[in-house]
Amino acid sequence: MVNYISKPAYKAVAHFGQITPTAFKGYFTSLIFWGTATVFGLATFTEAWPLFQKNVYSKIPVLGKHWQKEVDPQDLPI
Amino acid sequence: MSFYHTVFNTVFKRNSVFLTTIFAGAFVFQAVFDEGVNKWWEARNKGKLWKDVKLTIPGAGEEEDDE
């Protein structure tokens with residue numbers, strides 16, 4: 001009896017859309033670098049936004065005191 | 001030569017690192033510059049600022065009644 005392969009046995013690689021683990025590994029370093037750039041870009045442009053100042057930037061260890069607003073209670077409007 | 005080589009390799013080689021350097025530099029610089037200028041301004045105008053003057057005003061902080 002002849003044992004032969006009639007066609008290649010195709011097997012689907014695990015993927016998300018067209019991104020496979022191998023492709024993702026190739027992009028991973030770049031994504032990390034661009035992610036950091038994006039975070040700092042957003043930080044630069046939201047720096048004057050009170051919501052971000054209060055919740056994010058005032059909590060940065062050393063630099064944070066720049067965004068901590070301390071007004072004498074006497075000087076606040078009633 | 002070596003110094004420029006190091007700078008090129010650490011900052012300019014990858015566009016993402018270059019951009020991060022620019023944005024991080026801008027973010028940190030504006031805070032440091034602002035703090036520095038404020039400190040200088042307050043030192044230069046010491047005694048003339050509201051926080052110094054209000055201590056010398058008698059009755060400041062008491063209730064004001066304008067009739």
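Sub-8 Å Cβ pairs linking a first residue in the range B:26-44 that is away from chain A (no Cβ under 12 Å) to a second residue that is outside any helix (DSSP H, G or I), at least 6 apart or interchain, are B:Glu42/B:Leu49, ordered by first then second residue. Do the conditions hold for A:Ala14, that is, is it at pLDDT 90 or above, part of a helix (DSSP H, G or I), away from every other protein chain (no Cβ under 12 Å) and open to solvent by less than 80 Å² (accessible area, probe 1.4 Å)? When the stated conditions are applied, A:Ala14 does not pass them.
A:Lys25 passes every criterion in (1) part of a loop (DSSP other than H, G, I, E, B); (2) open to solvent by 100 Å² or more (accessible area, probe 1.4 Å); (3) more than 12 Å from chain B (Cβ to nearest Cβ) apart from (1).
For the range B:4-59, the tally of residues that are basic (Lys, Arg) and open to solvent by less than 70 Å² (accessible area, probe 1.4 Å) stands at 1.
Among the residues of the range A:54-65, at least one is open to solvent by 60 Å² or more (accessible area, probe 1.4 Å), within 11 Å of chain B (Cβ to nearest Cβ) and not charged (D, E, K, R).
Set side by side, the residues A:Thr46, A:Thr36, A:Thr20 differ, and just one is out of contact with any helix residue (DSSP H, G or I) (no Cβ under 9 Å at 6 or more places or on another chain), under 27 Å from B:Asn15 (Cα atoms) and open to solvent by less than 100 Å² (accessible area, probe 1.4 Å), which is A:Thr20. The set of residues from the range A:1-47 being polar (S, T, N, Q) and closer than 30 Å to B:Val17 by Cβ comprises A:Gln18, A:Thr20, A:Thr22, A:Thr29, A:Ser30, A:Thr36, A:Thr38, A:Thr44, A:Thr46.
Of all the listed residues (A:Val71, A:Val56, A:Val62), the sole one being free of Cβ contacts under 8 Å to residues at least 40 places away in the same chain and farther than 30 Å from B:Phe18 by Cβ is A:Val71.
For the residues A:Lys25, A:Lys59, A:Lys7, the requirement of being among the basic types (Lys, Arg) and under 30 Å from B:Phe33 (Cα atoms) singles out A:Lys59.
The values are calculated or read from the model by the stated rules, or taken from the named source; none is laboratory data. Computed from a predicted structure; not experimentally measured. Cβ coordinates were reconstructed from backbone atoms using ideal geometry, including for glycine residues, and neighbour counts include every protein chain displayed. Each accessible area value is taken on the protein alone, full model and side chains, heavy atoms only, with ligands, DNA and RNA left out. Shrake-Rupley method; radii C 1.70, N 1.55, O 1.52, S 1.80 Å.
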